[in-house]
Amino acid sequence: MPISGFPEWLPPQRMIEQYVLDRIRTTFELYGFAPLETRAVEPVDTLLSKGETSKEVYLLRRLQEDPRDRTDDTLGLHFDLTVPFARFVVENAGKLNFPFRRYQIQKVWRGERPQEGRYREFLQADIDVVDRDTLPFHYDTEMPLVIGDVFAGLPIPRATILVNNRKVCEGFYRGLGLADTDQVLRTVDKLDKIGPEKVADLLIETAGASASQAAACLELAAISAVDGSFADAVAKLGVSDPLLDEGLAELLRVVETAGRHAPGLVRAELKIARGLDYYTGTVYETQLEGYERYGSICSGGRYDNLAASGNERFPGVGISIGVSRMLGLLFGHDALSVSRKVPTCVLVALPNEEQRPDCDRIAASLRGRGISTEVAPVPAKFGKQIRFAERRGIPYVWFPGETDEVKDIRSGAQVAADAATWSPPAEDLQPAFY
């Protein structure tokens, strides 16, 4: 019986997921990020202090509790990979070379209401860069480039990375005279969910804003541009603050750097805030063309105070691909396909059980040269064995005999072949994804 929020993919979907993960991993490593895996649990106090609500954290608890050991009561499954990464950096700072660049591909757990593309157990793929004391800003500009290269190599709809800078928002709110900038940020972050009228009401009710201040916050949030024109639009609102100016300069660098790398990849979107409390500067969200209503499938940002030990700080910037979220949406709309249901490229036909050892040797020879091969499960008429291959999308059937022959069952072409030398066209070696 399926359990809501815990997805299980069919083998063809899992093959697509593996292909996507390979592409992600390869691109991350091309940019010099090293692999890391952290434990699944963290102290509950740590999880709750980083912006997650208690109703979304899963506790770790044994079915039969040991009254002498209360450790499990204080542990929760991690809801993202940034918080455990920050803890790992602090604990291992003496063993790491800074700036430290890592990628992490792991499951995370979040007790939110399951819906299309949103799960309670899901796979994330993160990259982060952290440094001691200060982190140069150019790493903020690098994050969208990596993600752009990942998505450019996948058969998915066009991705647009929406960027903002919390300094822009906080500086603007301060310039307006609003003191509780964190509350304003959290409220504006609900804009897509509840709409501008309710956001304005909440700003007045919870952040002490006047009607004109709330209106100005909404005007800022409405600014969107694929180039530096967003800075002029902010200037026209007539609000000034040093933090606002700093944020605008940083956001401009991100947008211009991405524009040179891949025009149209990044769009400045000044309503983006990100709900977690630890972000301090640049923030990212990513939408797929045609799936905008489902929200972000890749997000992250700059955090200057998440990782610290005594007087030592480890500022960082990172971005995370919601792999399960993205694939769940695309699978749900039949937007991703694979050319065959199995990795197998060649099925060795089995004339009779006595010849199975010979068929196994043929398969072993082909596998030894990197050709995915299986032997037919039972001897049957060759027509049935061909249909067995067709149902799975296997393109070639190998017929053993005095002279072996191999048949491309798509075209019907059949030629003599030697298992020690024959190879299929390169495009047939692996399943195709589209």
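From the protein chains alone at 1.4 Å, what is the descending order of accessible area for Met15, Met326, largest first?
Descending order: Met15, Met326.
Give me the angle, in degrees from 0 to 90, between the Cα long axis of helix 211-221 and the longest principal axis of the Cα atoms of the chain, rounded to the nearest 10.
Helix 211-221 and the main axis of the chain meet at about 30 degrees.
For every other residue with a beta carbon closer than 14 angstrom to the beta carbon of Thr27, add +1 if it is Lys or Arg and -1 if Asp or Glu, then tell me the sum.
Residues near Thr27 contribute -2 overall.
If you line up the long axis of helix 138-152 against the longest principal axis of the chain, both from Cα atoms, how many degrees apart are they, to the nearest 10?
30 degrees
Would you mind checking Lys107/Lys167; Lys107/Lys198; Lys55/Lys95; Lys55/Lys198; Lys95/Lys167; Lys167/Lys190 for any pair whose Cα atoms are more than 26 angstrom apart? Could you put the intermediate results ahead of the total?
Values: Lys107/Lys167 31 Å; Lys107/Lys198 35 Å; Lys55/Lys95 36 Å; Lys55/Lys198 24 Å; Lys95/Lys167 33 Å; Lys167/Lys190 18 Å.
Long pairs (Cα-Cα over 26 Å): Lys107/Lys167; Lys107/Lys198; Lys55/Lys95; Lys95/Lys167.
Can you tell me the equivalent ellipsoid semi-axes for the stretch 306-434? Use √(5λ) from the Cα gyration tensor, largest first, whole Å.
44, 19, 13
Could you state how much accessible area Val41 has, in square angstrom rounded to the nearest 10, with a 1.4 Å probe and all protein chains kept in place?
Spelled out: Val41, probe radius 1.4 Å, area about 30 Å².
Could you look at the stretch 84-149 and say what percent of its accessible area is carbon and sulfur, using a 1.4 Å probe and all protein chains? Mind showing how you got there, number by number?
Numbers: 1090 of 2490 Å².
The computed percentage sits at 44.
Provide Glu292, Glu402, Glu37 ordered by accessible surface of protein heavy atoms (probe 1.4 Å), highest first.
If we order Glu292, Glu402, Glu37 from most to least accessible, we get Glu402, Glu37, Glu292.
Loop only per DSSP, at most 13 neighbouring Cβ atoms within 10 Å: give me the trypsin sites (Lys or Arg not before Pro) in the stretch 4-54, ordered by residue number. Mind showing how you got there, number by number?
Details: sites: Arg14, Arg23, Arg25, Arg39, Lys50; in loops: Arg39, Lys50.
The qualifying sites are Arg39.
Per residue, what accessible area does the stretch 1-154 have, given a 1.4 Å probe and all protein chains present, in Å²?
Value for the stretch 1-154: 51 Å² per residue.
Any idea of the accessible area per residue across the stretch 270-373, 1.4 Å probe, to the nearest Å²?
On the way: 3750 Å² over 104 residues.
On a per-residue basis, the stretch 270-373 sits at 36 Å².
Per DSSP H run of n ≥ 4, the term is -39500 (n - 2.57); total these for the chain, divide by its residue number, and report the mean residue ellipticity at 222 nm rounded to 500 deg cm²/dmol.
-11000 deg cm²/dmol
Lysines within cross-link reach of Lys407: Cα-Cα under 20 Å, excluding same-chain residues under 8 positions apart?
Lys341, Lys381, Lys384
What's the angle, to the nearest 10 degrees (0 to 90), between helix 242-261's Cα axis and the longest principal axis of the chain?
Roughly 20 degrees between the two axes.
Which percent of Cα-Cα pairs in the stretch 216-291 sits in each 10 Å bin, short to long?
Here the calculated profile for the stretch 216-291 is 16, 52, 29, 3.
Per Stokes-Einstein, at 20 °C and 1.002 mPa s, what whole-number D in µm² s⁻¹ belongs to the chain, with the Kirkwood radius over Cα pairs as the hydrodynamic radius?
Taking Rh from Cα pairs, D becomes 86 µm²/s.
Kindly sort Glu219, Glu197, Glu374, Glu250 by accessible area of their heavy atoms, largest first, with the probe set to 1.4 Å.
Ranked list, largest accessible area first: Glu197, Glu219, Glu374, Glu250.
In the stretch 198-326, what percent of the accessible surface is made up of carbon and sulfur (1.4 Å probe, ligands and nucleic acids excluded)?
Of the solvent-accessible surface of the stretch 198-326, carbon and sulfur hold 48 percent.
Could you run the Debye sum over the Cα atoms of the stretch 64-142, one equal point scatterer each and no solvent, and tell me log10 of I(q)/I(0) at q = 0.16 Å⁻¹, two decimals?
-0.81
Not counting ligands, DNA or RNA, and with a 1.4 Å probe, what is Asp334's accessible surface area in Å² rounded to the nearest 10?
Asp334 exposes around 130 Å² with every protein chain in place.
Taking a probe of 1.4 angstrom, what is the accessible area of Cys345 in Å², to the nearest 10?
0 Å²
With a ≥ b ≥ c taken as the square roots of the eigenvalues of the C-alpha gyration tensor of the stretch 139-264, please select rounded if a/c is under 1.5 and otherwise prolate if a/b is larger than b/c or oblate if it is not?
prolate
The values are calculated or read from the model by the stated rules, or taken from the named source; none is laboratory data. Computed from a prediction, not measured in an experiment: that's the story for all the values here. Heads up, the Cβs are rebuilt from the backbone with ideal geometry, glycines too, and the neighbour counts pull from every protein chain shown. For the accessible areas, the whole protein counts, side chains as well, though only heavy atoms, and no ligand, DNA or RNA atoms are used. Shrake-Rupley method; radii C 1.70, N 1.55, O 1.52, S 1.80 Å.
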